[in-house]
1. Quick one: is Ala317 farther than 22 Å from Phe189 by Cβ and loosely packed, with under 15 Cβ neighbours inside 10 Å?
2. If the requirement is being within 16 Å of the ligand (Cβ to nearest atom), in contact (Cβ under 8 Å) with a residue 40 or more places away in the chain and of a type in the set (Gly, Ala, Ser), which of these qualifies: Gly200, Gly265, Gly195, Gly295?
3. Within the range 1-41, count every residue that is aliphatic (A, V, I, L, M), away from the ligand (no atom under 14 Å from the Cβ) and either modelled with pLDDT of 85 or more or not in a loop (DSSP other than H, G, I, E, B) (or both).
4. Are there any strands (runs of 3 or more DSSP E) wholly within the range 94-212 with 1 or more residues that are closer than 21 Å to Lys81 by Cα and of a type outside the set (Lys, Arg), and if so which?
5. Does Gly188 qualify as being within 30 Å of Ala263 (Cβ to Cβ) and more than 13 Å from the ligand (Cβ to nearest atom)?
6. With respect to Leu376, is the statement that it is in contact (Cβ under 8 Å) with a residue 60 or more places away in the chain, crowded, with 19+ Cβ neighbours inside 10 Å and closer than 28 Å to His347 by Cβ true?
7. Among the residues of the range 93-121 satisfying the criterion of being under 20 Å from Tyr341 (Cβ atoms) and among the small types (Gly, Ala, Ser), which is nearest to the ligand (Cβ to nearest atom)?
8. Condition (residue is surrounded by 23 or more Cβ atoms within 10 Å (Cβ to Cβ), within 17 Å of Ala99 (Cβ to Cβ), under 21 Å from the mean Cα position of the chain (by Cα) and away from the ligand (no atom under 12 Å from the Cβ)) applied to the range 157-177: is it met by at least one residue?
Amino acid sequence: MKLVERISVAPRKVVRSASDLAVNGAPPMFDEPLHVGRPNIGDHQRFLNRAAEILDRGWLSNNGPVAQEFEQRIAGFLGVKHCVAMCNGTIALEIATRALDLKGEVIVPSYTFVATAHALQWQEITPIFADIDPATHNLDPAAVWRMITPRTTGIIGVHLWGRASPVKELEAIAKEHRLRLMFDASHGFGCSLNGKLLGGFGECEVFSFHATKFFNTFEGGAVVTNNDALAEKMQLMRNFGFSGYDNVIYPGTNGKMTEIAAAMGLTNLENLEDFVSITRRNYRRYRDAITSIPGLSMLEYEESERNNYQYIVVEVAPYFPVSRDRMIEVLHAENILARRYFWPGCHSMEPYRSFYPHAGLVLPKTIAIAERVVVLPTGSAVTTTDIDGVCSVVRALASGPR
Ligand code: T4K
């Protein structure tokens, strides 16, 4: 494995007081941006060998041998019967929801990446936003239950930050109300619930393999399922609905994964444990520093489970001396490109904010969490020295307004 390198790796200073901050005229901590989501890239040579084979073979897409191998490896790794690889996570969500025959209203969290809602709206299915549990940032089953109407056909739980949704409770609600249940597992590749890897819960689960995800295929995604008929339907749908030459039996789309994307996936799969050891190390380094700062808390990963530790999620309490947004400004001035994922919540974005102007009334926890969260840089391009630099900036903010 070769790590993504930055031109200048070392932080340029240690911040001891406010006068050391870039917002106060000091030089920035980093010469170049420290991003939240630099890609994890496996062994370059193995990828290049695979790329050369693809070029020699002259088979670039349309269910080629590398994509087929990728699907088998992913299904085997996750312990599910089928993996239907796709060109990205959004199309995978669209195909999964359509294959499940979702219509009318589908309950989703507002506190997620907007693609979860867009995949529904794109098909003229109404996303109904339910509130979250502030302790987990995942759907609150009681809130889901309150949003059910006669038009509800399904629930999409999101395993936000790679921490599992309340699967058992959502299953019980879905069963009682005869709803279809699926999961957006975009953040959850390599994460487990009660020791079982995410991927086998609900009727199907959707992964994103976007460049910024813990496990990437440049762009890519997949729906995984244990349901044979559903898998077969999705295989047709992602290929225009073709069933053999000249015979179209569904209004399909083009959701196919390319061979080069699958080659990246196979390579990265071989280095998955290397990625985890780096993101776990980074997570622990941040946790040791952040949890000792009054007014800040970090979302913790259950160490008895498998985690990918891809997101460093910090909550800024209302009594912290500076606001979350001021903290972001200060960090950006240091070239630390922290993010406000997933502010302000899907319900406050278009078209949802115009369609459902009062949606926020039932989303108090979503609104509070979205106002508090800062996501800090990690991944294989971030070193523990970088993290010490980031934490010295954050610590300086704890001692008073800047
Ligand atoms: N459901 C959920 C819950 C999701 O989180 C997502 C995607 C989806 C569904 C949809 O899956 P896809 O259709 O995307 O497969 C990013 C990603 O674009 C998006 O995939 C992801 N969620 C979302 C959480 O984050 P941004 O706005 O953060 O992207 P951007 O361009 O600002 O990049 C983030 C950081 O990564 C930057 O600091 C730069 C760095 N970066 C980015 C790219 C693309 C690199 O260093 N190299 C790169 O190649 O949305």
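The values are calculated or read from the model by the stated rules, or taken from the named source; none is laboratory data. Just so we're clear, the structure is a prediction, and the values are computed from it rather than from any experiment. Note: ideal-geometry Cβ built from the backbone for every residue, glycine included; neighbour counts use all protein chains shown.
1. Numbers: farther than 22 Å from Phe189 by Cβ: yes; loosely packed, with under 15 Cβ neighbours inside 10 Å: yes.
Here the answer is yes, as Ala317 does meet what is asked.
2. Values: Gly200 fails: within 16 Å of the ligand (Cβ to nearest atom); Gly195 fails: within 16 Å of the ligand (Cβ to nearest atom); Gly295 fails: within 16 Å of the ligand (Cβ to nearest atom).
Step by step, each of Gly200, Gly265, Gly195, Gly295 is checked, and only Gly265 is within 16 Å of the ligand (Cβ to nearest atom), in contact (Cβ under 8 Å) with a residue 40 or more places away in the chain and of a type in the set (Gly, Ala, Ser).
3. To start, the set of residues in the range 1-41 that are aliphatic (A, V, I, L, M) comprises 1, 3-4, 7, 9-10, 14-15, 18, 21-23, 26, 29, 34, 36, 41.
Remaining after also requiring away from the ligand (no atom under 14 Å from the Cβ): 1, 9-10, 14-15, 18, 21-23, 26, 29.
Okay, now just the ones that are also either modelled with pLDDT of 85 or more or not in a loop (DSSP other than H, G, I, E, B) (or both), so 15, 18, 21-23, 26, 29.
Summing the residues that are aliphatic (A, V, I, L, M), away from the ligand (no atom under 14 Å from the Cβ) and either modelled with pLDDT of 85 or more or not in a loop (DSSP other than H, G, I, E, B) (or both) in the range 1-41 gives 7.
4. On the way: elements: 105-109, 126-130, 152-158, 180-184, 204-208.
Qualifying strands (runs of 3 or more DSSP E): 152-158, 180-184, 204-208.
5. Details: within 30 Å of Ala263 (Cβ to Cβ): yes; more than 13 Å from the ligand (Cβ to nearest atom): no.
Here the answer is no, as Gly188 does not meet what is asked.
6. On the way: in contact (Cβ under 8 Å) with a residue 60 or more places away in the chain: yes; crowded, with 19+ Cβ neighbours inside 10 Å: yes; closer than 28 Å to His347 by Cβ: yes.
Taking the combined requirement at face value, the residue satisfies it.
7. Ala115
8. Scanning the range 157-177, I find no residue that is surrounded by 23 or more Cβ atoms within 10 Å (Cβ to Cβ), within 17 Å of Ala99 (Cβ to Cβ), under 21 Å from the mean Cα position of the chain (by Cα) and away from the ligand (no atom under 12 Å from the Cβ), so the answer is no.
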